[in-house]
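Report on one structure; see the data block that follows.
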Amino acid sequence: RTIRQDFVFIADDTDNNQFTVSPQEAIEWRQGKFNIDSYYTSIFSQGLTYYDEYTGKDVTFSVPSRIAAKLPTQSVQTGLHYPIAGQRRGIIDGFKGFTWMPNNAYKEKLYANRINYLQTDGSKTFIGSQSTAVNSSGPLSNLNNVFTILSMKRELNDLLQSYVFELNNDETVNSLYTEANTLLNNYVSNQSCEEATATVGRTDYEKQQR
């Protein structure tokens, strides 16, 4: 949370490799054993049982293992600035059963505790929320927005690396300013955010040291 701030840890709520058996147990685990306040973490509950045709056995997976397969596809097809939830991008299928499914009252409690859950409408099962584990409401309490911020940071960092050995003069500053803002404008164009701008400058010390 304090050192590595370049990725999101997508956690499940298993305890000693045991899946929770109810939404109440998931909430108690969150409050008692995983009291994390961070938008670099996102918690997903429940387990999904699949039939393994190679072993002829049923195997239960946590939801993050399913998300791990969905994220690369969404990144290419629509972009991670879209929420990976709901009936368009959050469908989970192919399973035989799940460990538990929350009712409406528990959905509210899970959301308040920043625990993401699956839900069903009778015909489809899909990811019903996509919160981060931050204990406050705001843009960064949504997982897709954190993905967007991290993507911006990575792209800007790559751009800055290409300027390390450029001459430290006004021409370089102006060139970097143009490239950085062109890069950020892509995030406005794809509706990641309403506005994104970068400033570029040099301190007096940096000017002296060239």
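Summary table
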| item | result |
| --- | --- |
| Selected residue [closer than 18 Å to Met101 by Cβ and among the charged types (D, E, K, R)] from Asp52, Asp58 | Asp58 |
| Hits in the stretch 180-210 (condition: open to solvent by less than 80 Å² (accessible area, probe 1.4 Å) and of a type in the set (Phe, Trp, Tyr)) | Tyr187 |
| Options Gly32, Gly79, Gly56; residue that is touching a residue at least 40 places away in the same chain (Cβ under 8 Å) and open to solvent by less than 70 Å² (accessible area, probe 1.4 Å) | Gly79 |
| Criterion: open to solvent by 80 Å² or more (accessible area, probe 1.4 Å), among the polar types (S, T, N, Q) and at pLDDT 95 or above - qualifying residue of Asn135, Asn104, Asn116 | Asn104 |
| Sole residue being within 24 Å of Ala26 (Cα to Cα) and out of contact with any Gly (no Cβ under 9 Å at 6 or more places or on another chain), chosen from Phe61, Phe44 | Phe44 |
| Residue in the stretch 138-145 that is open to solvent by 90 Å² or more (accessible area, probe 1.4 Å) and either in contact (Cβ under 8 Å) with a residue 12 or more places away in the chain or out of contact with any strand residue (DSSP E or B) (no Cβ under 9 Å at 6 or more places or on another chain) (or both) present | yes |
| From the options Gln24, Gln46, residue that is at pLDDT 95 or above, closer than 21 Å to Tyr106 by Cβ and surrounded by fewer than 19 Cβ atoms within 10 Å (Cβ to Cβ) | Gln24 |
| Near pairs, Cβ below 6 angstrom, 6+ apart or cross-chain, from the stretch 154-175 (farther than 14 Å from Ala198 by Cβ) to any residue that is open to solvent by less than 50 Å² (accessible area, probe 1.4 Å) | Glu166/Thr172 |
| Count - residues of the stretch 34-78 that are touching a strand residue (DSSP E or B) at 6+ places or on another chain (Cβ under 8 Å) and in a loop (DSSP other than H, G, I, E, B) | 7 |
| Test: residue in the stretch 147-170 that is surrounded by 15 or more Cβ atoms within 10 Å (Cβ to Cβ), in contact with a Ser or Thr (Cβ under 6 Å, 6 or more places away or on another chain), within 30 Å of Lys109 (Cβ to Cβ) and among the aliphatic types (A, V, I, L, M) | no |
| Qualifying residue in the stretch 150-163 (condition: closer than 25 Å to Thr78 by Cα and among the polar types (S, T, N, Q)) | yes |
| Matching residues in the stretch 107-161 - criterion: being part of a loop (DSSP other than H, G, I, E, B) and in contact with a His (Cβ under 8 Å, 6 or more places away or on another chain) | none |
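The values are calculated or read from the model by the stated rules, or taken from the named source; none is laboratory data. None of these values were measured; they are calculated from a predicted model. Glycine gets a Cβ as well: all are built from the backbone with ideal geometry, and neighbour counts include every protein chain shown. We work out accessible area using only protein heavy atoms, side chains counted, and drop any ligands, DNA or RNA first. Shrake-Rupley method; radii C 1.70, N 1.55, O 1.52, S 1.80 Å.
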